[in-house]
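Here's the structure, in structure tokens; my notes come after.
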Amino acid sequence: MAMIEVEHLTKRYGTTLAVDDLSFSVERGEIVGFLGPNGAGKSTTMRILCGSLGATGGRAMVDGIDVMDDPRGAKRKIGYLPEAPPLYTEMTVRQYLRFCGKIKGADKPRDAAEVAIEKVGLTPVAHRIIGNLSKGYRQRVGIAQALVHSPDVLVLDEPNSGLDPAQRAEIRTLIEELAAGDTTVILSTHVLPEIEALCDRVVIIHQGRIVAQNTVDALGGDARVVKVTVDEPSPELAARFEAIAGVTAVKARGDGLYLIEGSTDLRREVAKVAVDAGLLELSGQRQLEDVFLQLTGGAE
């Protein structure tokens, strides 16, 4: 049995259909990216899954527990980070996490709070009032409250909001470590490189319906993009890129930046050509962003 089972889930707000017949599953220890434009129904789906919002139809199961039939039992399995974490800003970090551990049923709330503080990197500010913390540290407190009771499932809505690049890398490592320990993670974010770096699989939702679900590699298909920046751009250089076997398109974006599309990994061949023009930077990636835009109408 999958750790999460969502079957024909529907949610209406009056005449507005926010979630339209969603069905998907997530295995134990899997990290799944939940993607979609603003208003697509992502947050509504996650709130239903976490038991904080009722559904109009269908069902959601967490480790075999029906969220609608036994919301308390399901919530014991889940740690939820909403987009705007519900923090008690007059408490210190340590007081708040001990409180969260207690109300969430942690065996030893004080010990559980200290473990969460260390995991999320809050030790230097554990004694401080939450209202006096930076946005990045507040976000960490939100993540800590989600995992303080050692849940089997983490549902994270924009966990990297307000974090700098170094902090994002730390949170990414934390999520990977949790999943390696069999924690199941559903991650919603608009930062697609985070999805590509972290997720085993992606579910894309648009206008309340699932438009695609597969592995990151499968969704990206065989298409790849090499981004290269050179010191001496020229029309002749673009022509040399186009002549490389497997290249399907070359786009010059100004300031020496070229996007080179192909059906295979072209980085080695592109680098050989770019060196003669003063290679400054080169990176390669699959086109998840393009797939996302095509499926959600953003390319228009």
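The values are calculated or read from the model by the stated rules, or taken from the named source; none is laboratory data. What you see is a predicted model; the values in this text were computed from it and never measured. We place every Cβ from the backbone using ideal geometry, glycine too, and count neighbours over all the protein chains shown.
Structure values in brief
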{"item": "Some residue of region 13-24 being more than 23 Å from LEU219 (Cβ to Cβ), assigned by TED's automatic domain parsing to the domain that holds THR189, of a type in the set (Gly, Ala, Ser) and in contact with a strand residue (DSSP E or B) (Cβ under 9 Å, 6 or more places away or on another chain)", "result": "yes"}
{"item": "Helices (runs of 4 or more DSSP H) enclosed by region 69-170 - at least 3 residues per element that are under 17 Å from the mean Cα position of the chain (by Cα)", "result": "135-147"}
{"item": "Condition met for GLY33 (in a strand (DSSP E or B) and either at positive phi or modelled with pLDDT under 95 (or both))", "result": "yes"}
{"item": "Answer from THR173, THR184 - the residue that is of a type outside the set (A, V, I, L, M, F, W, C), under 25 Å from MET61 (Cβ atoms) and under 17 Å from the mean Cα position of the chain (by Cα)", "result": "THR184"}
{"item": "Residue match in region 282-291 (condition: touching a strand residue (DSSP E or B) at 6+ places or on another chain (Cβ under 8 Å), in a loop (DSSP other than H, G, I, E, B), of a type in the set (D, E, K, R) and closer than 30 Å to THR189 by Cα)", "result": "no"}
{"item": "Filter result (surrounded by 12 or more Cβ atoms within 10 Å (Cβ to Cβ) and either modelled with pLDDT of 85 or more or assigned by TED's automatic domain parsing to the domain that holds GLN207 (or both)) within region 273-292", "result": "VAL273, ALA274, ALA277, GLY278, LEU279, LEU280, LEU282"}
{"item": "Scan of region 1-22 for residues that are among the polar types (S, T, N, Q), modelled with pLDDT under 95 and not in a loop (DSSP other than H, G, I, E, B), ordered by number", "result": "THR16"}
{"item": "Where a residue in region 242-257 is part of a strand (DSSP E or B) and its partner, wherever it lies, is not aliphatic (A, V, I, L, M), with Cβ under 6 Å and at least six apart", "result": "VAL247/GLY262; THR248/GLU261; THR248/GLY262; ALA249/GLU261; VAL250/PHE241; VAL250/GLU242; ALA252/TYR258; LEU257/THR229"}
{"item": "Leading residue by the ranking (farthest from LEU35 (Cα to Cα)) among those in region 171-202 that are in contact with a helix residue (DSSP H, G or I) (Cβ under 7 Å, 6 or more places away or on another chain), assigned to a strand (DSSP E or B) and not β-branched (Val, Ile, Thr)", "result": "LEU187"}
{"item": "Residue match in region 94-102 (condition: assigned by TED's automatic domain parsing to the domain that holds LYS11, touching a strand residue (DSSP E or B) at 6+ places or on another chain (Cβ under 7 Å) and either in contact (Cβ under 8 Å) with a residue 60 or more places away in the chain or among the aliphatic types (A, V, I, L, M) (or both))", "result": "no"}
{"item": "Residue selected from region 41-68 under the condition in contact with a Ser or Thr (Cβ under 8 Å, 6 or more places away or on another chain) and in a loop (DSSP other than H, G, I, E, B), by the criterion nearest to LEU163 (Cα to Cα)", "result": "LEU53"}
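Yes or no, residue by residue, for (1) surrounded by fewer than 15 Cβ atoms within 10 Å (Cβ to Cβ); (2) in contact with a helix residue (DSSP H, G or I) (Cβ under 9 Å, 6 or more places away or on another chain); (3) closer than 25 Å to PHE292 by Cα; (4) at pLDDT below 85:
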position: ILE204; (1), (2), (3), (4): no, yes, yes, no
position: GLU242; (1), (2), (3), (4): yes, no, no, no
position: ALA245; (1), (2), (3), (4): yes, yes, no, no
position: ALA252; (1), (2), (3), (4): no, yes, yes, no
